[in-house]
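S.K.: Quick one: the structure is below, and I'll ask about it shortly.
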Amino acid sequence: MAPDFRAVSIAPSRDGTFIAFAGPDAHKQGHLWLASIDSSWPPREIDVGDHDVRDVLVSPDDKTVFYVAREGATNRIWRVDTDGENRRPITEPEPLLRLSSVSPDGRWISVTRGARTPREEWIYQSDGGGGRVLFSNWRFRWMPGNRNFLLINSGMVSTAWLVPNPTGADLPSRIGANPTAELLIRLGGHKVLTADFFAEPFPGPDASSVVYSKVENRSNLFQLALPQ
């Protein structure tokens, strides 16, 4: 796929044929690349000028890549077609922006703002039409089929909930900005992850599963004789 590259952010296409990734060069400047899953074509760089690319997502129709570009002490979200055309900004510069998810129809992007708690989850129109706060202290992602929303509260103890979306709406309307477990249960939600470590799960291959990574550190204790 791309064995000679180092990636700091990877996003698969919806059809599973390629990935978009941010790959730093020798000067730690992030570049935007596409690579075929089956290696049927070599990795191809998308020209984004002097942007320092840090985070990527692929649109549901696989025709657009959204990415975070670092601009000095701030970040801004941009979009560009996979052929390198129509590059334009979506947000104003902010201290920290992290991409979370793209709505199934491609009209909205969920974005985490802030480096420390309380973080805020914002939604932005993917055409650059503005955004607003959606949640506080929760990350938000759309699930496949758009019949569930995924809410994530990450920290020393991380939890993730699936909340039903029976109408298939783009945005949740009854959850509120900082929902409690009791409210999520009343709305038909159920907890799909409780972990005693920092975890940020992503939607799995179906509407009811999630995937996440866990980093484990292991060490051994040795006894050494000191010289006399």
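The values are calculated or read from the model by the stated rules, or taken from the named source; none is laboratory data. Predicted model only: the values in this text are computed from it and were never measured. Methodologically, a virtual Cβ is constructed for each residue, glycine included, from the backbone with ideal geometry; neighbour enumeration extends over all protein chains shown. Just the protein is used for accessible areas: all its heavy atoms, side chains included, with ligands, DNA and RNA removed. Shrake-Rupley method; radii C 1.70, N 1.55, O 1.52, S 1.80 Å.
S.K.: How many residues does segment 123-146 hold that are of a type in the set (Gly, Ala, Ser), under 17 Å from the mean Cα position of the chain (by Cα) and farther than 18 Å from GLY176 by Cα?
M.R.: Summing the residues that are of a type in the set (Gly, Ala, Ser), under 17 Å from the mean Cα position of the chain (by Cα) and farther than 18 Å from GLY176 by Cα in segment 123-146 gives 1.
S.K.: A further question on this structure: Quick one: in segment 147-174, of everything that is within 15 Å of the chain's Cα centre (by Cα) and polar (S, T, N, Q), which residue is surrounded by the most Cβ atoms within 10 Å (Cβ to Cβ)?
M.R.: Going through the qualifying residues, I end up with SER154.
S.K.: May I ask you to verify whether ARG218 is charged (D, E, K, R) and at pLDDT below 85? Write out each step before concluding.
M.R.: Working: charged (D, E, K, R): yes; at pLDDT below 85: yes.
The answer is yes for ARG218.
S.K.: Under the condition of being open to solvent by less than 30 Å² (accessible area, probe 1.4 Å) and more than 26 Å from GLY106 (Cα to Cα), which residue from segment 185-205 is farthest from the chain's Cα centre (by Cα)?
M.R.: In this case the residue turns out to be ALA195.
S.K.: Just give me the residues in segment 206-219 being farther than 13 Å from VAL163 by Cα, among the aliphatic types (A, V, I, L, M) and either open to solvent by 80 Å² or more (accessible area, probe 1.4 Å) or assigned to a loop (DSSP other than H, G, I, E, B) (or both), in sequence order.
M.R.: Within segment 206-219, just VAL215 meets the criteria.
S.K.: Of the conditions (1) at pLDDT 90 or above; (2) within 19 Å of PHE202 (Cβ to Cβ), GLY131 satisfies every one except a single condition; which number is it?
M.R.: Of the numbered conditions (1) at pLDDT 90 or above; (2) within 19 Å of PHE202 (Cβ to Cβ), the odd one out for GLY131 is (2).
S.K.: If a residue counts only when it is of a type in the set (S, T, N, Q), which strands (runs of 3 or more DSSP E) contained entirely in segment 115-205 have at least 2 such residues? It would help to see each step written out before you state the result.
M.R.: Working: elements: 120-125, 131-136, 139-142, 148-153, 158-164, 190-195.
Because the criterion is at least 2 residues that are of a type in the set (S, T, N, Q), the strands (runs of 3 or more DSSP E) in segment 115-205 that meet it are 148-153, 158-164.
S.K.: Follow-up question, since we're still on this one. Going through VAL102, VAL68 one at a time, which residue ends up being in contact with a Leu (Cβ under 7 Å, 6 or more places away or on another chain) and under 23 Å from LYS28 (Cα atoms)? So that I can check it myself, show each step before the final result.
M.R.: Working: VAL102 fails: under 23 Å from LYS28 (Cα atoms).
It is VAL68.
S.K.: In addition: Mind counting the residues in segment 122-146 that are charged (D, E, K, R) and either touching a residue at least 60 places away in the same chain (Cβ under 8 Å) or open to solvent by less than 20 Å² (accessible area, probe 1.4 Å) (or both)? Spell out how you get there, then give the answer.
M.R.: If we filter segment 122-146 for residues that are charged (D, E, K, R), which is where we start, we get 127, 132, 139, 141.
Of the ones still in play, those that are also either touching a residue at least 60 places away in the same chain (Cβ under 8 Å) or open to solvent by less than 20 Å² (accessible area, probe 1.4 Å) (or both) are 139, 141.
Of the residues in that region, 2 qualify.
S.K.: Regarding GLU85, is this residue farther than 28 Å from PRO179 by Cα, surrounded by fewer than 18 Cβ atoms within 10 Å (Cβ to Cβ) and at pLDDT 90 or above?
M.R.: Working: farther than 28 Å from PRO179 by Cα: yes; surrounded by fewer than 18 Cβ atoms within 10 Å (Cβ to Cβ): yes; at pLDDT 90 or above: yes.
Against the criterion (farther than 28 Å from PRO179 by Cα, surrounded by fewer than 18 Cβ atoms within 10 Å (Cβ to Cβ) and at pLDDT 90 or above), GLU85 qualifies.
S.K.: Would you check if THR112 is buried (at least 19 other Cβ atoms within 10 Å of the Cβ) and of a type in the set (Ser, Thr, Tyr)? Give the steps one after another, and end with the answer.
M.R.: Numbers: buried (at least 19 other Cβ atoms within 10 Å of the Cβ): yes; of a type in the set (Ser, Thr, Tyr): yes.
Answer is yes for this residue.
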